[in-house]
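Below: one structure, written as structure tokens.
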Protein chains: 2
Amino acid sequence: MNRSNGAPVDRSIRAESAASVIPAASGSDFLQLDIGDAPFGGRADWLAGQLRRAISDGRLPLGSRLPATRILAAELRVSRGVVTEAYQRLSEDGHVAGRGRNGTVVVAAPAPPAEPPRHPARRENPVGSIDAKAPAPHQLVAPKGVFTHPPGEDIFDLVRSAPARIDLSPGVPDLTAFPRAAWLRAEREVFGSLSAAGFGYGDPRGTPELRRAVAHWLARNRGIRAEPDEVVVVAGTAQALALIGQVLREDGVEEIAVEDPGSLGVRQHLRRQGLRTPPVSVDAEGIRVDELRAHRAVLLTPAHQFPTGVVLGGARRRALLRWAGDGGLIVEDDYDAEHRYDRPPVPALRSMLPERVCYAGSVSKLLAPALRTGWVLAPPRHRDALVSAKRFADLGNAALPQLVLARLMESGELERHLRLLRRRHRRRRDAMITAIRDHLPGAVVHGAAAGLHLLITFDGDRAEAFADTDLAAASLARGVKAHPLSWHHQRPGPPGLLLGYAASPATAITEGVAAIGEALRDLR
Amino acid sequence: MNRSNGAPVDRSIRAESAASVIPAASGSDFLQLDIGDAPFGGRADWLAGQLRRAISDGRLPLGSRLPATRILAAELRVSRGVVTEAYQRLSEDGHVAGRGRNGTVVVAAPAPPAEPPRHPARRENPVGSIDAKAPAPHQLVAPKGVFTHPPGEDIFDLVRSAPARIDLSPGVPDLTAFPRAAWLRAEREVFGSLSAAGFGYGDPRGTPELRRAVAHWLARNRGIRAEPDEVVVVAGTAQALALIGQVLREDGVEEIAVEDPGSLGVRQHLRRQGLRTPPVSVDAEGIRVDELRAHRAVLLTPAHQFPTGVVLGGARRRALLRWAGDGGLIVEDDYDAEHRYDRPPVPALRSMLPERVCYAGSVSKLLAPALRTGWVLAPPRHRDALVSAKRFADLGNAALPQLVLARLMESGELERHLRLLRRRHRRRRDAMITAIRDHLPGAVVHGAAAGLHLLITFDGDRAEAFADTDLAAASLARGVKAHPLSWHHQRPGPPGLLLGYAASPATAITEGVAAIGEALRDLR
């Protein structure tokens, strides 16, 4: 069927813009690299460093294509393995992405610097009102208070219920892909085999079927060896945090250090349990483990740091495990680790030190947040307390969706779904990177190698004198939702936006980013 | 198909015993009643009182049939309306049950007396071990600790996972009747109409569809007028108690008075939130409101007191509402109010004083506990705090089951299901009453007019020198699960058993009660 006729004109223009060809970097005299500068035996390292610098300083802009390994190897007169290895390192960092026959593309600049910028964005809990600035005319359609007040505990409900044409809120996968037919089919099978007792009260830890399926899933996808009996099924990461917080409070823990920037929602959930959440810096290698010395417990997102997208580096990882081995407790929030595009999977910390790592995962980013299903693996000493907390929270998750999910996991259906999502998400991410290059030329992109969102900042030489909450408000006034980075900062940081790409089609992404570009130009 | 051949001999004997004809009380010289003793204008009251006494002292045993109204009216030379009204009162009390063409049958004796019995049953938290008594040989198959230790917080998990042939645990409806086909059909419709956003994060109060359906349901079935916006969907009564407890604690409440006897599970959930649960006596009219003076908040089960089955009397109800009007807070646990067999519905307290009543209901007894779905209507001053507590508990219930349930409620499917359950449950209850008469002649039955369980006690002139936990253990050793009454007592009370009849077929009920009878004989 020919769908090209009858498409609205503005759409087709935007689609064309999204699909515009990204000029490939030339392999001839590429970056004026001279392999003579490299120490022998460290040439792949040297090449990766050169490329990283070029990406960082803009000589290799986002979306640009690296030369084919064969060509660059010939050019530099090194073996092809040296180039392949260098590309592999950049890919693991999340800076470039392998594209099969389309080559290797730059997808993200290095993480934002740890030092505070010259123009502090809004603080999370400022003293007094920050609403003195009169709204610009184009802000009139934005619901009052969403971005003009410091975020309260209902902030995500406010954002969710704000009307918008295009929703680039982070943290949601492509929901149109939800496997409705497979779910119904599995549910029919469950009804066909479920005994009457299965409709009664059950084990507060969850059904044996789902605990087994989760154990298998974690072994296949996250490198974790766990017995089904160690798995506690919970109502999503939100409940995981509530229960873990409760258990740690009862154990005498009064604070859990968190990444800064780090999820505002996570902080809110922990604080609700009476825990303090002291900030620990994040840099290009992930959380600064040296800052953990004063702390007893930390919550972090090692596989894909929220919101920067940094992967916890190998040295940091080893330092963190040493810290935990000396008595520290790690809460590993593995919120979207299955979504990786251009890099190998990073095994969960839990796989290395189960005694000191409390692991939380969910299907919110795999299937749908509306399923409210997740899991926790507690360290042995907290296991009974966790089960008790779950029992008195709600006696256990509902049984039917657990049994359906277990079937989807054990039959391979969920992995098929994940592969489909990866393909779609990758296309959408690429469309977003293109749109950012076209419409937000001052923005730096972070964390594109995995996850469901990008972070853009306006730091470095291009730092701007504006608050990202104003940019988010101005964008919403243009019908586009995005989250300001400052919400996730406890201490001052560069202004930025979190842009979810997974849940929107490429045309909407391009249109949304263009609207944000307009909003930014008006703000200046 | 002829099923009479091939049935095991012991089964057919028991079935025959269950179906044995109950001798009808004769209308001629029935109870030697003399209407001349009655004050004119109060003759229905007088007759109801005479009959109640006869039931209480055993002259009208359980299962016996009252004379037809026409016959007794002729006998007493009063208008038929006097007799009908007297029967109606007994029916509202839950002492007799109208059986259509089968007449009116005695289904329960008045509630146990409030004063302590001569042989106190085990206390909930005794000092020291009570496990000194060596188990009898027939107790060897019973899992250790279920009934031989004071009940800990995992007691209901222990009971659930104990192996047994017949499960007479209270609180579960007929789960074989779960409307699997209707559920699947409704779910297919939901999938057919749900937008992608419906799979995302949602309103922590629940989906608008289910909140609307619950508001309609409560108006039709419980006399409550509520706006959908007042309804908060929760994960069953367990979560309702956790959230209400949290909200009240934050509001400075330190104790919630509870009925004694009253649900052990409810007490455990409230205590988990740091609340004390001082006991308030229950008598034949329900909770003793005069004992509430020293208290600020109370949790009760007015429609069908757990575990006695008493309905809160009219005078008590008015006194309770006066107490609440003077500043008391009522938590109304409406756990199984839809299940009534022989009496008109009692409107919820919430319908009369919404400002002072926090109402909790669920589908655990309507459809299945495994759905983990319930609702709370908070008084206006606690509403925001309740929503906040739900948000930080789990961000709201899963969406799909809410939408399916909303369809079943709005289409009339759930009411059809309830009518089917009522018919089945009533037959099972009658089988249980018959079996109790045959196999536990010393037992007094309470609370048969509604709900999913009976309470039997061994009090009054027939009080026995045994602990009901021993009886429950001995029954479990014979493959039959039942809950000891003493679990639900905070202060000493008569020994008793809670026997759920709704989830088991009549043959299993008869067999189970017979086994309990054997266990009782062996204990003596």
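The values are calculated or read from the model by the stated rules, or taken from the named source; none is laboratory data. On a predicted model such as this, the values are computed, not experimentally measured, just so you know. Glycine gets a Cβ as well: all are built from the backbone with ideal geometry, and neighbour counts include every protein chain shown. What goes into the accessible areas is simple: the full protein's heavy atoms, side chains included, and nothing from ligands, DNA or RNA. Shrake-Rupley method; radii C 1.70, N 1.55, O 1.52, S 1.80 Å.
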Could you state, as a whole-number percent, how many of the C-alpha pairs of the stretch A:310-366 are farther apart than 19 Å? 31 percent
Divide, for the stretch B:400-449, the radius of gyration over alpha carbons by 2.2 N^0.38 Å, where N is the residue count. 1.73
Average partner chain C-beta neighbours within 10 Å, per residue of B:398-404? 5
If you bin every alpha carbon distance in the stretch A:270-390 into 10 Å steps from zero, what whole percent lands in each bin? 12, 43, 36, 8, 0
Provide the gained length on full extension for the span residue A:521 to residue A:79, in nm with one decimal, where the gain is 0.36 nm per separating residue minus the Cα-Cα distance. 154.4 nm
Summed over the other residues with a beta carbon less than 10 angstrom from that of residue A:362, with K and R at +1 and D and E at -1, the charge totals -1
Over the stretch A:251-301, what per residue volume does the convex hull of the Cα atoms give, in whole Å³? 70 Å³
May I have the convex hull volume per residue, in Å³, for the Cα set of the stretch A:352-503? 185 Å³
What residues qualify as long-range amide H neighbours of residue A:358, i.e. H under 5 Å apart, gap of 5 or more or another chain, H built at 1.01 Å from N? A:330, A:331, A:332
Zero-based 10 Å bins, Cα pair distances in the stretch B:473-524, whole percents: 24, 50, 24, 2
Over the stretch B:178-329, with neighbouring protein chains present, the accessible area per residue in Å² at probe 1.4 Å is 35 Å²
Between copies, how close do the residue B:279 label points come, placed 7 Å along Cα→Cβ, listed in nm from shortest? 5.4
What accessible area, in Å² to the nearest ten, does a 1.4 Å probe give for residue B:422? 50 Å²
Seen from all sides and averaged, what is the projected area of the convex hull of the Cα atoms in the stretch A:163-293, in nm²? 12.8 nm²
How about the stretch A:381-395: which of its residues lose at least 30 Å² of accessible area in the presence of all protein chains relative to their chain isolated, using a 1.4 Å probe? A:388, A:391, A:392, A:393, A:394, A:395
Out of the stretch A:402-499, which chymotrypsin sites (Phe, Trp or Tyr not before Pro) are coil in DSSP terms and have no more than 16 other C-beta atoms within 10 Å? A:466
Place the peptides A:446-456, B:373-383 in order of packing, highest mean first, counting for every residue the other Cβ atoms within 10 Å and averaging per peptide. A:446-456, B:373-383
Over the stretch A:336-377, consider all pairs of different Cα atoms and compute the Kirkwood hydrodynamic radius from their mean reciprocal separation; express it in Å, one decimal. 11.7 Å
Take B:308, A:507 and sort them by solvent-accessible surface of the protein heavy atoms, 1.4 Å probe, largest at the top. A:507, B:308
Per 10 angstrom bin, beginning at 0 and ending with the bin that holds the maximum distance, the Cα pairs of the stretch A:162-207 fall in percents of 18, 28, 26, 21, 7
At a Förster radius of 45 Å, what calculated FRET efficiency corresponds to the Cβ-Cβ distance of residue B:220 and residue A:315, to the nearest 0.05? 0.10
Computed from the mean reciprocal separation of all distinct C-alpha pairs, what Kirkwood hydrodynamic radius does the stretch A:411-490 have, in Å? 14.6 Å
With r as the distance between the Cβ atoms of residue A:34 and residue B:229 and R0 = 51 Å, compute the FRET efficiency 1/(1 + (r/R0)^6) and round to 0.05. 0.15
Considering only the other residues whose Cβ falls under 10 Å of the Cβ of residue B:327, what net charge follows from Lys and Arg at +1 and Asp and Glu at -1? +1
Qualifying trypsin sites (Lys or Arg not before Pro) in the stretch A:276-351, DSSP loop, other Cβ atoms within 10 Å at most 14: A:293
At 0.36 nm per residue, minus the direct Cα-Cα distance, what do residue B:53 and residue B:196 gain on full extension? Give it in nm, one decimal, please. 45.1 nm
Distances in nm, one decimal, shortest first, from residue B:163 to the same residue in every other copy, taking the label point 7 angstrom along Cα→Cβ. 6.3
Once R0 is set to 30 Å, what does the formula 1/(1 + (r/R0)^6) return for the Cβ-Cβ distance between residue A:149 and residue A:276, expressed as a FRET efficiency to the nearest 0.05? 0.85
Go through B:333, A:430, B:34, B:326 and list them by solvent-accessible area, largest first, probe radius 1.4 Å. B:326, B:34, A:430, B:333
Length-normalised contact order of the stretch A:289-353 in % [C-alpha pairs under 8 Å, at least 6 apart]: 40 percent
